[in-house]
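Take a look at the structure below.
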Protein chains: 2
Amino acid sequence: MESTNIHPTADWIFNQAKINIPNISLGTVYRNLKQLSDEGDIRTIHDGAIARYDCNKDRHDHLRCKVCGDLIDVQLFDDDLRKIVKKKYKFEADDVEMTIIGTCKKHTK
Amino acid sequence: MESTNIHPTADWIFNQAKINIPNISLGTVYRNLKQLSDEGDIRTIHDGAIARYDCNKDRHDHLRCKVCGDLIDVQLFDDDLRKIVKKKYKFEADDVEMTIIGTCKKHTK
DNA sequence: AATAATAATAGGAACTATTACTATTTAAGT
DNA sequence: ACTTAAATAGTAATAGTTCCTATTATTATT
């Protein structure tokens, strides 16, 4: 999983794992992903209705390109924004899920 | 649906609708929500694995309180951030899905 | 008002991602 | 080797959502 910079789904991981462990079960994949996620070794990201998994442990945001479907890691939400949330809405932010949908640089002439 | 400031699920709407239209079908609810969403009359928000619907048509973000579960409408992503995304990542932002998870002011002494 | 054409609906089946369950296997400790 | 505990495969079950079809409602046409 670390060998890729994509943000794989459980199903993708299941299929990759089958190459080396032919009779691995999908339940095992989900169970282990959940454990890794709970321990903070990976991150679970909600991409619409399905879950993707991210080896990038640092808090970060995503750009999703609507042309090629790429999901790109970026850093946008910072302490400044956290402070604004705190001041303006009296809300203590623990975690942020931000995905920006648009067009990536590959498709701009 | 407009009578509430919550962010209802399809199921909640279905149950509310049944009060007045006892034999309404869940498919009808989904179909009409999809249509309204496509036309831009409501917004679909992805809350984890399930979809919620929002009458607030203006682009906005959400704060989700992990204590009481409240989903609060806020305005955080602005043109400044859009410009940063454009400049830093050469990414043309069309839409943003941002949910900040934390603790709302109701639970801070 | 009767008829034809079109759209919307109920009800349920089908689908997809995920979780739960259980008998069996693997590993660890003694 | 034997016991205990943990992990797994395989499958059933669940939840949210979409798809399908026969039927019903709506609109337009004469």
Report summary line: Inter-chain shielding metric for B:81-91, i.e. average beta-carbon neighbours from other chains within 10 angstrom, reads 4
Query raised in the report: Which chain A residue puts its Cβ closest to the axis that rotates A onto B, and at what distance in whole Å?
Result: A:Met98, 2
Query raised in the report: Pairing the Cα long axis of helix A:79-89 with the longest principal axis of chain A, what angle in degrees results, from 0 to 90 and rounded to the nearest 10?
Result: 60
Requested in this report: Quick one: which residues, 5+ away or cross-chain, put their amide H under 5 Å from the amide H of B:Ile45? H built at 1.01 Å from N.
Outcome: B:Arg52, B:Tyr53, B:Asp54
Query raised in the report: Roughly how many Å is it from the Cα centre of the stretch A:81-109 to that of the stretch A:1-56, as a whole number?
Result: 25
Report task. Using a 1.4 Å probe and ignoring any ligands, DNA or RNA, find the accessible area of B:Ser37 and quote it in Å² to the nearest 10. Result -> 30
**Report entry** GNM result for chain B, Cα springs below 10 Å: residue of B:Thr44, B:Thr28, B:Thr99 fluctuating most strongly
**Finding:** B:Thr28
Query - Nitroxide proxy distance, nm - points 7 Å out along Cα→Cβ at A:Asp95 and B:Asp58 - result: 3.0
**Report entry** Distances in nm from A:Asn32 to the matching label points in the other copies, shortest first (labels 7 Å along Cα to Cβ)
**Finding:** 4.7
Requested in this report: Sort shortest first the distances from A:Arg59 to its counterpart in every other copy, using label points 7 Å along the Cα-to-beta-carbon line, and give them in nm.
Outcome: 2.3
Query raised in the report: How far is helix A:26-38 tilted, in degrees, relative to the longest principal axis of the Cα atoms in chain A, given as a value from 0 to 90 rounded to the nearest 10?
Result: 30
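The values are calculated or read from the model by the stated rules, or taken from the named source; none is laboratory data. Just so you know, these numbers come straight off a predicted model, no measurement behind them. Every residue, glycine as well, gets a Cβ built from its backbone with ideal geometry; the counts of neighbours run over all protein chains shown. SASA here: full protein model, heavy atoms, side chains in, ligands and nucleic acids out. Shrake-Rupley method; radii C 1.70, N 1.55, O 1.52, S 1.80 Å.
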